[in-house]
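The values are calculated or read from the model by the stated rules, or taken from the named source; none is laboratory data. Fair warning: this is a prediction, and the values are worked out from it, not measured in the lab. So basically every Cβ, Gly included, is an ideal-geometry build from the backbone, and we count neighbours across all protein chains shown.
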Amino acid sequence: MAIEPEHPKEEGSSSSHLGSHSGLTFRDDARFALGRITVFQYAIVAVFLFLLSGFWYLQVYNHETNSELAERNRIKTVPVPAPRGKILDRNGSIIVNNHSSYTVLLSQETLKLEHLAPIAMALNLDLPELEATVAKFAKGPKYVPIPIKTELSAADLAFVESHRDPNTFPELEILEAQKRLYPRDNVAAHVLGYVGQVSEAELNTAEFAKYSQGDMVGKFGLERQYNDLLTGIDGQRRVVVDVSQREREVLESQEAIPGKNLQLTIDMDLQAVADLAMDGRRGAVVALDPRTGEVLAMVSRPAFDPNVFARLRQADWNAVINDPYKPMLNRAIQGTYAPGSTFKPIVAIAGLESGMLSDTETVNCTGVANWYGRPFHCHSTHGATDLHRGIVQSCDVYFYKAGDKIGIDTIAQYAQISGLGEKTGIDLPGEADGLMPSTKWKLRTQRERWYPGETISVSIGQGAVEVTPLQLALSIGGLSIGGKWFQPHLVKLAAAPEPKHMGNWNPLNVASVVNGMYGVVNEGGTGSAAAIAGVTVSGKTGSAQRISNDLAKSNAALAKELADNGWFVGFAPRDNPEIVVAVIVEAGIHGGQNAAPITRDILEAYFEKKTKASLPNPTNLAALLHLKRPTPDQ
Amino acid sequence: MPRYRSIRDLDWSLLAVTLVICALGVLQIYSATHGTKFEDAWWKQIVWIGLGLGLMWLVASIDYHTLLGQVGFFYVSTIIALGITVFAGTKIFGSRRWISFGGMNFQISEFAKLVVILMVARYLSELKRDEVGIGDLLKLGVLVGIPTFLVMLQPDLGTSLTYVAILGAGILLAGLRWHHLAAIALVAGLSLPLAWPFLNDYQKARLETFVNPDADPKGRGYQVIQSRIAVGHGGVWGTGATRGTQTQLRFLPVAHTDFIFSAFAEEQGFVGVVVVLGMYFLLIMQIVHNAQTAPDRSGMYLCMGVAALLLFHLLVNVGMVVGSMPVTGIPLPLMSSGGSNLFSVFMMLGLVNNVRLRRFAS
């Protein structure tokens, strides 16, 4: 083969040798272009050298870098999500569980914005919301995929599986995850809380700094309080994937460490009864074991279903947030109410212990009494009333007199020892303070001296005094066992707790007040509706006024909306109490009619279960009623 | 006359190099497609190579002067067929490049290459002067421009440019005044920005990607980036057949057609690349040698047309694989999987043999 031309003869040396074929004329001096063919040959050499240099650069000079890129293409680290710890009740039955669910993710690395519309349509998502989510994630790192829909249906799953090839929607990815399941829907919703994707604001706090966008964290209630404990440690797998991100081979696998289970002090049977009793009402219930501080039941109504929070759309969210009755408020610890007459036992013990009252002294109730130039009414005319009768009949005039004698600061001192007007420190986020007024408090907050007339209102639980249902249960529970207060808590403790406060009260004084409360239920008092045959239920009713009598008269609609809150706080048995229950029914008017029967239901369930505990197979219909879905056990 | 037909007079070294390249192509197609929906591509390729050899013999046995005499007929039929393709062809991946006939899809633009080679050779060999005048340039421009334009409409920019390459090589060989050359360069340079608005979005994107592939690594630049990674991953010795991860895990797109050389480079390494590029070099040089020994100008133009076309294909396809050329989607002759291109290349080699068989004629 000749590369070099034999005769580098230039054109123009010319010739017109004409050949003839098939009637056409061809010039047959083929050699005229040999010089240019040589140039062409050099061009060929140049092209091949140019091409070879490209391969040399990539394969020899940059081999390492490209090999690394090839490895990065095929080897992926896939997180193995750790299952979140379960939540169990005091008897070990599962209240909160996990179940397998599929989530569809958008890979930001392959995402095409024009695909969002068809994807949103196929998966039945709101397009503007989806675009907003994508825009939010676009600010973060590219390798973080965007979760766009959880709890995929079979149809969703089929769509994603058949469209995630490189030619259609390569950005679609599927993640199988353990999702939170609250089998009993809204039972104890405020206590348990819910989980959700960590928000941008949370990521900027120290508490959530270790999480990254898209992670599920506890948002509310115990899920939030014990988030660190419940969260496991994710494992990971190194896998070989192909271009569709399908796994071909597992190179290395590191197991996930599941989160720790949480055992509560809540008794689910009691909780179910309390939840059922509060259905359709607004208010709260707290049941405590006063001897330990263990919360046996806690209800707040209206409630929400934690199951739906994970897939809530913005519109639904707004509906929940803007609901005037605030379903997201845990009224048991965040609702602050005037205690009304349920405050009277505290005033009584303060008077007896400070020596300002004696149980034999009587006050004549004529239905009204004048204090500091103003008339103060009683709901009835009780005549000569001693301490016992004062508590049993809830005589206001008796307590006006008592309060005036004792003085606001002494009342405040005893109320505070019993836990009123300050956070109890329960293991739930967002607890409210409540308020126990005193002369110091008024001077500090309003720069004004305390008027003696204000004490008259406070002594029947009105005026500035505000408590949460939990505080009231704690306070009266501690009083009932002789003046010992244990830290209220929801998670089972390993060791028996020590009391947080001690009253060091005279047992005879305590007995006087407790006997009065026994009378409220069992001697024709205001709380007769709480009575249970065979159980020495004791308690105190309360009706807390929310607007003045004058205003109520002039505005009937407002009066109805702001009708009195009905209270009942009760414990049993009278001697050596085991359980204390505080119930508030908003706008329930008379605690004796509305709140007392609820307390009775709960106490009844408690003592029934206690007697049945020895039986081999205890059944509880009330709890079963609330079990809408079977609890998957794993 | 019978000695023209003697099988001994074929260009055996040309044929040997051709068959080695084809065999390496079949192996690489097998490696790149096993376990995919294209896994029967390798034996189809073998069948096509066999048919291609038959076509080659057919084209070699009819005297090329006879073929040149029929150029008018070939040209008109090709233009009509290209017109039908554009308006009624089978649409695959957004462009109409195929005509369905008897259950087979034919890519007319591949066979048009042959017709353009014949036409340019006929025109230039009939020139009375030893240089191309301005009138000839215009006539040739129109004659080649029509099929070029029709193929651009498909749209298939890469293939349409091969016709221009054939014409360019022919004109340069025929002789051109410097000021004409400068004028052509100027017109071409000026028409580029004017042509920009007429390009399809994907064609613009390909050019932009060529300039800066990292601008959109998961979108338009994806093919080139993955191809460069595949080539580089091969290193000096390669990963071995069926063991290139870029190829086997499909990170490399169309690994058995347009990007087959990338798959080959990953699995056979720089050593394999040098061997195969060496083969192509020998192939083209041997065709050029046949041009040098051609009995007349038309034979020379035919061989050089084939050489120019193959060189252009190689430069654009292999250059694309390493990112030195924009993505145009033209196949690698003799290696890429696909019948139409194989047939057209074998028919071109038939033309070269045709010229060789008749080198002692005059």
Open item on the list: Every residue in the stretch B:209-249 that is outside any loop (DSSP other than H, G, I, E, B) and at pLDDT below 75, please.
Closed with: B:Thr209, B:Phe210, B:Val211, B:Pro213, B:Asp214, B:Ala215
TODO: Within the stretch A:421-473, track down each residue that is touching a Leu at 6+ places or on another chain (Cβ under 9 Å), in a helix (DSSP H, G or I) and of a type in the set (A, V, I, L, M).
DONE: A:Leu470, A:Leu472, A:Ala473
- [ ] For the stretch B:62-90, name all the residues that are more than 21 Å from B:Tyr301 (Cα to Cα) and not in a helix (DSSP H, G or I).
- [x] B:Gly89, B:Thr90
- [ ] Examine the stretch B:271-282 for a residue that is within 9 Å of another protein chain (Cβ to nearest Cβ), out of contact with any Lys or Arg (no Cβ under 9 Å at 6 or more places or on another chain), farther than 19 Å from B:Val231 by Cα and in a helix (DSSP H, G or I), and state whether such a residue exists.
- [x] yes
Open item on the list: Can you find, within the stretch B:305-341, the residue that is nearest to the other protein chains (Cβ to nearest Cβ) among those that are of a type in the set (Ser, Thr, Tyr) and either more than 19 Å from B:Lys204 (Cβ to Cβ) or in a helix (DSSP H, G or I) (or both)?
Closed with: B:Ser324
Task: Residue match in the stretch B:57-80 (condition: on the phi > 0 side of the Ramachandran plot and over 21 Å from the mean Cα position of the chain (by Cα)) - done: no
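Conditions (1) in the same structural domain as A:Tyr337 (by TED's automatic domain parsing); (2) under 20 Å from A:Ala287 (Cβ atoms); (3) among the hydroxyl-bearing types (Ser, Thr, Tyr), marked per residue:
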position	(1), (2), (3)
A:Tyr451	yes, no, yes
A:Leu474	yes, yes, no
A:Gly478	yes, yes, no
A:Ala496	yes, yes, no
A:Leu508	yes, no, no
Open item on the list: Taking the criterion of being touching a residue at least 40 places away in the same chain (Cβ under 8 Å) and of a type in the set (Asp, Glu), would at least one residue in the stretch B:191-203 satisfy it?
Closed with: no
TODO: Report whether or not B:Ala169 is closer than 22 Å to B:Ile284 by Cβ, within 14 Å of another protein chain (Cβ to nearest Cβ) and surrounded by fewer than 24 Cβ atoms within 10 Å (Cβ to Cβ).
DONE: no
- [ ] Tell me, yes or no, whether the stretch A:233-254 has at least one residue that is among the aliphatic types (A, V, I, L, M), crowded, with 17+ Cβ neighbours inside 10 Å and not in a strand (DSSP E or B).
- [x] yes
Open item on the list: Residues that are modelled with pLDDT of 80 or more, in the same structural domain as A:Gly482 (by TED's automatic domain parsing) and surrounded by 13 or more Cβ atoms within 10 Å (Cβ to Cβ): list the helices (runs of 4 or more DSSP H) wholly contained in the stretch A:540-634 that include at least 1 such residues.
Closed with: A:591-612
Open item on the list: What's the number of the only condition in (1) assigned to a loop (DSSP other than H, G, I, E, B); (2) surrounded by fewer than 16 Cβ atoms within 10 Å (Cβ to Cβ); (3) touching a residue at least 12 places away in the same chain (Cβ under 8 Å) that A:Thr168 fails to meet?
Closed with: (3)
TODO: Examine the stretch A:251-262 for a residue that is of a type in the set (Asp, Glu) and more than 21 Å from the chain's Cα centre (by Cα), and state whether such a residue exists.
DONE: yes
TODO: Might you check whether a residue that is part of a helix (DSSP H, G or I), of a type in the set (Asp, Glu) and free of Cβ contacts under 8 Å to residues at least 60 places away in the same chain occurs anywhere in the stretch A:398-406?
DONE: yes
Task: Selection status of A:Ile333, assigned to a loop (DSSP other than H, G, I, E, B), buried (at least 24 other Cβ atoms within 10 Å of the Cβ) and more than 14 Å from chain B (Cβ to nearest Cβ) - done: no
Open item on the list: Given the criteria without any contact (Cβ under 8 Å) to a residue 24 or more places away in the chain and surrounded by fewer than 20 Cβ atoms within 10 Å (Cβ to Cβ), does B:Ala241 qualify?
Closed with: no
- [ ] Select from the stretch A:109-131 the residues that are without any contact (Cβ under 8 Å) to a residue 12 or more places away in the chain and among the hydrophobic types (A, V, I, L, M, F, W, C) and list them in ascending order.
- [x] A:Ala117, A:Ala120, A:Met121, A:Leu127
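Test B:Val142 against the stated conditions and say whether it is over 21 Å from B:Gly69 (Cα atoms), surrounded by fewer than 23 Cβ atoms within 10 Å (Cβ to Cβ), β-branched (Val, Ile, Thr) and more than 16 Å from the chain's Cα centre (by Cα).
Spelling it out, it is not the case that B:Val142 is over 21 Å from B:Gly69 (Cα atoms), surrounded by fewer than 23 Cβ atoms within 10 Å (Cβ to Cβ), β-branched (Val, Ile, Thr) and more than 16 Å from the chain's Cα centre (by Cα).
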- [ ] Residue by residue through the stretch A:225-255, note down the ones that are in contact (Cβ under 8 Å) with a residue 24 or more places away in the chain and among the aliphatic types (A, V, I, L, M).
- [x] A:Leu229, A:Leu230, A:Ile233, A:Val239, A:Val240, A:Val241, A:Val243, A:Leu251
- [ ] Taking A:Met517 as meeting all but one of (1) among the hydrophobic types (A, V, I, L, M, F, W, C); (2) crowded, with 18+ Cβ neighbours inside 10 Å; (3) more than 17 Å from A:Ala572 (Cα to Cα), write down the number of the exception.
- [x] (3)
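Would you check which residues across the stretch A:99-134 are closer than 30 Å to A:Ile87 by Cβ and outside any helix (DSSP H, G or I) and list them?
Correct list: A:His99, A:Ser100, A:Ser101, A:Tyr102, A:Thr103, A:Val104, A:Leu105.
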- [ ] Determine whether A:Val535 is modelled with pLDDT of 95 or more and hydrophobic (A, V, I, L, M, F, W, C).
- [x] no
- [ ] List every residue pair whose Cβ atoms sit under 7 Å apart, with the two residues 6 or more apart in sequence or on different chains, where the first one lies in the stretch A:200-224 and is in a loop (DSSP other than H, G, I, E, B) and the second, anywhere, is surrounded by fewer than 17 Cβ atoms within 10 Å (Cβ to Cβ) and of a type in the set (Val, Ile, Thr).
- [x] A:Ser212/A:Val144; A:Gln213/A:Val144; A:Gly214/A:Val144
Task: Matching option when the condition is in contact with a Cys (Cβ under 6 Å, 6 or more places away or on another chain), closer than 30 Å to A:Thr38 by Cα and crowded, with 24+ Cβ neighbours inside 10 Å, among B:Ala308, B:Ala291 - done: B:Ala291
Open item on the list: Could you tell me how many of the residues in the stretch A:277-301 are within 25 Å of A:Ser475 (Cα to Cα), assigned to a loop (DSSP other than H, G, I, E, B) and not small (Gly, Ala, Ser)?
Closed with: 5
Open item on the list: Any residue that is among the small types (Gly, Ala, Ser) and in a helix (DSSP H, G or I) - is there at least one of those in the stretch A:360-370?
Closed with: no
